[in-house]
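The values are calculated or read from the model by the stated rules, or taken from the named source; none is laboratory data. Here the structure is a predicted model, which means the values were calculated and not measured. Cβ placement follows ideal geometry from the backbone for every residue including glycine, while neighbour counts extend to all protein chains displayed.
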Amino acid sequence: MDYMILLQALYFILPAYFANIAPVLVKRINFLAYPVDFRKKLGGEPVFGSHKTWRGLFFATLGGLLIFYLQQFFYKADIFTELSLIDYSSFPVWFGALLGFGAIFGDLVKSFFKRRFAIAPGKSWIPFDQIDLVIGALVFSSFFYVPSLWIWIYLCLVTIPLHMIVKHIGYYSKISSQKW
């Protein structure tokens, strides 16, 4: 395994990782705290669930944009350029919003299927709980940049344990009520 490629892939996906964490960080903000599915049901089950809110969608997208903006700033200042998988100066800042939106959209798709399989919100569904953000972010970003198959594989494989570690940190620091 080429560790530099792995580090570049992780740096590239940072906006999506942050987007995935953003809804938990802003859960006490009442702004847009309304379910994305408008509390509608499909087959007697919520479409996504009450915990998937417009607030989360908004702040995840904004978070992806902000992290990408920082990556652009660092790239232009010749900081972290060796970690850059892409030329950040040739992408508009809203590319980060695509990564962030893609991450949270992947989470919504996964939640839709969890409800169809009667898996309770917050209950672990390995590996889908971990890789939904990667798949969503890479699908949405592929409109402007298509990473190699190895990048996809590396990110999916490394995100599984990283996600579990971050969830445990969130749980033990009382940011999240769930270990997984």
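Couple of notes before you dig in:
- In region 27-43, the residues that are modelled with pLDDT under 95 and surrounded by 15 or more Cβ atoms within 10 Å (Cβ to Cβ): LYS27
- Residue check, PHE112 in a helix (DSSP H, G or I), more than 16 Å from ALA60 (Cβ to Cβ) and modelled with pLDDT of 95 or more: yes
- Check on PRO92, out of contact with any Pro (no Cβ under 8 Å at 6 or more places or on another chain) and either acidic (Asp, Glu) or free of Cβ contacts under 8 Å to residues at least 12 places away in the same chain (or both): yes
- Test: residue in region 89-109 that is modelled with pLDDT of 95 or more, over 19 Å from PHE38 (Cβ atoms), surrounded by 17 or more Cβ atoms within 10 Å (Cβ to Cβ) and of a type in the set (Ser, Thr, Tyr): no
- Residue match in region 72-88 (condition: at negative phi, crowded, with 22+ Cβ neighbours inside 10 Å and either touching a residue at least 40 places away in the same chain (Cβ under 8 Å) or assigned to a loop (DSSP other than H, G, I, E, B) (or both)): no
- Pair list, Cβ under 6 Å, 6 or more apart: region 155-168 residue among the aliphatic types (A, V, I, L, M), other residue buried (at least 16 other Cβ atoms within 10 Å of the Cβ) and part of a helix (DSSP H, G or I): LEU155/ALA9; LEU155/ILE13; LEU155/VAL134; ILE160/GLN130
- Residue match in region 165-174 (condition: part of a loop (DSSP other than H, G, I, E, B), polar (S, T, N, Q) and within 28 Å of VAL47 (Cα to Cα)): no
- Residue within region 25-33 that is at positive phi and hydrophobic (A, V, I, L, M, F, W, C) present: yes
- Leading residue by the ranking (nearest to VAL134 (Cα to Cα)) among those in region 9-68 that are touching a strand residue (DSSP E or B) at 6+ places or on another chain (Cβ under 7 Å) and outside any loop (DSSP other than H, G, I, E, B): THR53
- Selection of region 153-174 for residues being under 21 Å from LEU108 (Cβ atoms) and in contact with a helix residue (DSSP H, G or I) (Cβ under 6 Å, 6 or more places away or on another chain) yields LEU155, CYS156, THR159, ILE160, HIS163.
- Restricting region 121-151 to residues that are buried (at least 21 other Cβ atoms within 10 Å of the Cβ) and of a type in the set (Gly, Ala, Ser) leaves a set whose member that is nearest to ASP87 (Cα to Cα) is SER141.
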